[in-house]
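This report refers to the structure that appears directly beneath it.
The values are calculated or read from the model by the stated rules, or taken from the named source; none is laboratory data. If you're wondering where the values come from, they're calculated on a predicted model, not measured in any experiment. Positions of Cβ are backbone-derived with ideal geometry, glycine not excepted, and every protein chain shown enters the neighbour counts. When the accessible area is computed, the model is the full protein with side chains, heavy atoms only, and any ligands, DNA or RNA have been set aside. Shrake-Rupley method; radii C 1.70, N 1.55, O 1.52, S 1.80 Å.
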Amino acid sequence: MSDWPARFEEELVRLGLQPARARRLSAETAEQAGEHGTDPDRLFGPAHLYARHLVTELRAPALVSERHVSGPVMLRLAGVGKRYRRRTVFSGVDLTVRGGEVAAIVGANGCGKSTLLRVCAGLIRPDAGTVHRTRRVGFVPQDGGTASWLTADEHFTLFGAAAGMVPRKARSTGTHLAARLAWRPAPGQPVQQLSGGTRQKLNLVLGELHGPDLLLLDEPYQGFDQGSYLDFWQQVRAWREAGRAVVVVTHLLHELQNVDHVLDLGAAGGNR
Amino acid sequence: MTALVVAGLSAREMSRRWTALLLLISLPLWFYLVRRDLTGQSIRMLALGIGWAVSTLTLFVVNASRGVDPRLRLSGASVTSIIGGRLIAMTGAGAMLALGYWALAGFDQDLPHPWAAGLMMLVTAVVAAPFGSLVGALLPRELEGALALLSVCAVQMLADPAGLVAKFMPFWSTREIGTYAVDGGSTDMVWRGLAHAAVVWLFCAGLTLAVFARRLRVARYPEP
């Protein structure tokens, strides 16, 4: 007997549902799978992802009427600065992002947007200021970040192993997340044979694979076609509604209406 | 667990670069064939060719992973599992290469101590993996790394094995064990070779780990 219902119920409770309601939803979901004569795992995908999807759906109406209900602080920057030798990349950066919020980092080329995102990730240390950040973080670089000779499935296995997931769960989670970006990884196809946009979809999936509370995205839509671009922002909204915090580096100002905070790093090489 | 996954996928990744792989696998063969008429020369050149091939392959694999490693760290992997996994894969590949060439040399040459010839090739492959890792850690581009490996192997080939310069080279153990395998003599040479190989392995693996521990460190920020 699969332990899918138990894991599903546990995840619902973890996401803030009352235990009784979580139990009822778990039982109903198991019944639904029974009616289809299949395992819940096959019908709904990984338990933890379906739980998040369901919680998002349940909370969506409330969020429409009450947009500014935000969760706990996931990222707080206070007076953060970074220098390379004598050149100040940025200084005095303040930013607070809570769960259920999206922040955009904008600015001219070379003003330090990607550097700031790497500071947030912890890959670069700031020279000034303080950073407080939630432990579970997903980072999606602007390009690279994948191994050219491995397939998408192998990337799911590799990144899943790094996060302590067993290979099977990592692959099923990766495939499920890819489907939400309208992408079905072809078996046996190495990453170097993927288009630039599809490679970025893989990057996004890898950033989200271990279920982070904070997503740091560095212009992740490079190479996306129109449909994929819309899917991406739809996905950002879904993350926000699921209570995650998202920080996205962007230069597309018309998307700023979709975000809660805008951090403008200004002109290249200049201080804020 | 993570180290084994990294090892398995590194091996798979390497196996797909089959043109480079074929060229590198065949490299020791050319070294061997050039002086096939002289047992001692051909066996020593073969072993050095194995060392060069394995270290170059490791260098390529290490450099190809530069973009992935920081993300693996952020996902929760330790530096030891990333570097260790890759080392396991490359050592395994090197050991297989050594085994293949040992079989060839065993059939083709009349060796006084065939087991020592096998040991020489195995030790060379085992040392070559962390040595290639270290060069990859210190030199971030493949061309620079490959040239550095070429220089080291060339010096190793040309330096007088009894001199000080040769002893500071990573594959001195190959020459020492090889002398016993081909010319005979005291088994002290084998032990000296093994001790040298152990020191080089520890130095290269330790320094590689230290370089990557610094390069792949992730700041531990306090929770909000």
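Of all the helices (runs of 4 or more DSSP H) wholly in the stretch B:148-224, which have at least 1 residues that are farther than 15 Å from B:Thr124 by Cα and within 14 Å of chain A (Cβ to nearest Cβ)? It would help to see each step written out before you state the result.
Values: elements: B:164-167, B:172-183, B:188-215.
Once the helices (runs of 4 or more DSSP H) in the stretch B:148-224 are filtered for at least 1 residues that are farther than 15 Å from B:Thr124 by Cα and within 14 Å of chain A (Cβ to nearest Cβ), what remains is B:188-215.
Return yes when B:Ser65 is in contact with a His (Cβ under 7 Å, 6 or more places away or on another chain) and at pLDDT below 95 and no when it is not.
Numbers: in contact with a His (Cβ under 7 Å, 6 or more places away or on another chain): no; at pLDDT below 95: yes.
For B:Ser65, the condition - in contact with a His (Cβ under 7 Å, 6 or more places away or on another chain) and at pLDDT below 95 - is not met.
Limited to the stretch B:21-64, what total is found for residues that are within 14 Å of chain A (Cβ to nearest Cβ) and touching a Gly at 6+ places or on another chain (Cβ under 9 Å)? So that I can check it myself, show each step before the final result.
Initially, the stretch B:21-64 is screened for residues within 14 Å of chain A (Cβ to nearest Cβ), giving B:21, B:57, B:60-64.
Filter again for touching a Gly at 6+ places or on another chain (Cβ under 9 Å), leaving B:57, B:60-63.
Selection size over the stretch B:21-64: 5.
Being touching a residue at least 60 places away in the same chain (Cβ under 8 Å), within 14 Å of chain B (Cβ to nearest Cβ) and more than 16 Å from B:Thr2 (Cβ to Cβ) is the filter here; which residues of the stretch A:164-174 pass it? Even if it seems obvious, please write down each step before you answer.
Keep residues of the stretch A:164-174 that are touching a residue at least 60 places away in the same chain (Cβ under 8 Å), which gives A:169, A:172-173.
Adding the requirement that they be within 14 Å of chain B (Cβ to nearest Cβ) leaves A:169, A:173.
Selection gives A:Thr173 alone.
Which of the residues belonging to the stretch A:175-203 are modelled with pLDDT of 90 or more and within 12 Å of chain B (Cβ to nearest Cβ)?
Listed by number, the residues that qualify are A:Gln189, A:Pro190, A:Val191, A:Gln192, A:Gln193, A:Arg199, A:Leu202, A:Asn203.
If the requirement is being buried (at least 21 other Cβ atoms within 10 Å of the Cβ) and without any contact (Cβ under 8 Å) to a residue 12 or more places away in the chain, which of these qualifies: B:Arg71, B:Arg86, B:Arg35? Full working, then the answer.
Working: B:Arg86 fails: without any contact (Cβ under 8 Å) to a residue 12 or more places away in the chain; B:Arg35 fails: buried (at least 21 other Cβ atoms within 10 Å of the Cβ).
None of the other options fit; the residue is B:Arg71.
Report the residue count in the stretch B:1-32 for those that are farther than 26 Å from B:Val200 by Cα and either aliphatic (A, V, I, L, M) or open to solvent by 40 Å² or more (accessible area, probe 1.4 Å) (or both).
Count: 13.
Of the residues that sit in the stretch A:76-90 and are among the basic types (Lys, Arg) and within 20 Å of A:Val137 (Cβ to Cβ), which one is least open to solvent (accessible area, probe 1.4 Å)? Don't jump to the end; show me each part of the working.
Restricting attention to the stretch A:76-90, the residues satisfying the condition of being among the basic types (Lys, Arg) are A:76, A:82-83, A:85-87.
Applying the additional criterion that residues be within 20 Å of A:Val137 (Cβ to Cβ) yields A:76, A:82.
On the way: A:Arg76: 89, A:Lys82: 22 Å².
This residue is A:Lys82.
When A:Leu230 is evaluated against the numbered criteria (1) out of contact with any Gly (no Cβ under 6 Å at 6 or more places or on another chain); (2) over 20 Å from A:Asn258 (Cα atoms), which criterion, by number, is the only one it fails?
(2)
Find the strands (runs of 3 or more DSSP E) located wholly in the stretch A:86-163 whose residues include 1 or more that are of a type in the set (A, V, I, L, M, F, W, C), within 12 Å of another protein chain (Cβ to nearest Cβ) and more than 19 Å from the chain's Cα centre (by Cα), and list them. Working first, answer last.
Details: elements: A:87-98, A:102-106, A:128-133, A:137-140.
Those strands (runs of 3 or more DSSP E) span A:128-133.
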